[in-house]
Amino acid sequence: MSTPEQIPTEVLELARSARHVTVLTGAGMSAESGVPTFRDAQTGLWERFDPTELATPEAWENDPAQCWAWYAWRASLVRGAEPHPGHRAIARWQALPEIDLRISTQNVDDLHERAGATVLAHVHGDLFALRCADCGAPAGVGYPPVREPVARLDPPVCQQCGGLIRPGVVWFGEALPEGAFQDSVEAAQEADLVVVVGTSGLVYPAAGIPDLAAARGVPVIEINPQPSEVSASADHVWRATAGQALPALAA
Ligand code: BV8
Ligand code: ZN
């Protein structure tokens, strides 16, 4: 019986021979840094909050102050979190001169970057890239510090047009940032190895990327302690956490 930390032989061989690697990450990548995932039982954000009231353009239109307060609280959680050994392992792997490693993340946090990695695409946007909801101008302000979830906080106002400042994330029903999805698809299809870490594979179009790679014959490894929608399209499933698996994979 192997333990989660023990790298499966076929995974080790793929990782050692790959020169073009794409790493796709989801909320599970940040879990060991203390940033809650969305859908995990007990700890997932959606156990406590209703996404249809918070992560949609309609939610913003109906109650921007409720939306802003939730994102300000999440931003405080992220600011208080640190990258873990899994984030650092990806950054080390990417820094190897013989490796072309491209990271596509669904995460809106900056933990990959703070671990020293360069991210090709934040397909669901960037929590901290605040902009005006009306004219799109980048905001010259940040989130206020929020220690506990609060019901409402007034968003700041745009200096250019007086519109409200919104988080730089992609809400349900909004288009992904221009180029981000296409860049991610290309990276995965051109890779000789795709590593999918910590995603439930439920949110499209990002969830389709492993299948698009697999359809081109690219081997896909899943790292996730639980079964997910990605598991069926993965050639190898490693039931371990990001913090357990990635340091061994990128050693
Ligand atoms: C679009 C950003 C078109 C904001 C997020 C049917 C009905 C309605 C809609 C749809 C439908 N079918 C398809 C859709 C479209 C919709 C969609 O997919 N809905 C799903 C839910 C059915 N998609 C969209 O709306 C997208 N846009 O399609 O646009 C368009 C085109 C042109 C013009 C206009 C429009 C936009 C989707 C973006 C949504 N934004 N978030 C915010 O952060 O608040 S989604 C949210 O879920 C997260 O940000 C995250 O990015 C995403 C995916 O979640 P995961 O990362 O997978 O996280 P999850 O909690 O689910 O899973 C965690 C996993 O980690 C688990 O598997 C767990 O086992 C594992 N794990 C736990 N611990 C660890 C671990 N793994 C490793 N190590 C550990 N330690
Ligand atoms: Zn504006």
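General observations
- Of all the criteria given as (1) part of a loop (DSSP other than H, G, I, E, B); (2) under 19 Å from the mean Cα position of the chain (by Cα), the one not satisfied by E222 is (1).
- Of the helices (runs of 4 or more DSSP H) entirely within segment 35-90, those holding at least 2 residues that are under 24 Å from T241 (Cα atoms) and assigned by TED's automatic domain parsing to the domain that holds A133 occupy 64-79.
- Condition check for N107: touching a helix residue (DSSP H, G or I) at 6+ places or on another chain (Cβ under 7 Å) and either within 22 Å of I209 (Cβ to Cβ) or loosely packed, with under 15 Cβ neighbours inside 10 Å (or both): yes
- For segment 13-34, taking the residues that are outside any loop (DSSP other than H, G, I, E, B) and within 12 Å of ligand 1 (Cβ to nearest atom), the one that is farthest from A180 (Cα to Cα) is identified as A31.
- Residue count for segment 151-187 satisfying the condition of being more than 16 Å from ligand 2 (Cβ to nearest atom), over 23 Å from the mean Cα position of the chain (by Cα) and surrounded by 15 or more Cβ atoms within 10 Å (Cβ to Cβ): 1.
The values are calculated or read from the model by the stated rules, or taken from the named source; none is laboratory data. From a predicted model like this one, the values you see are computed outputs, not experimental measurements. No Cβ is skipped: glycine too gets one built from the backbone with ideal geometry, and neighbour counts run over all protein chains shown.
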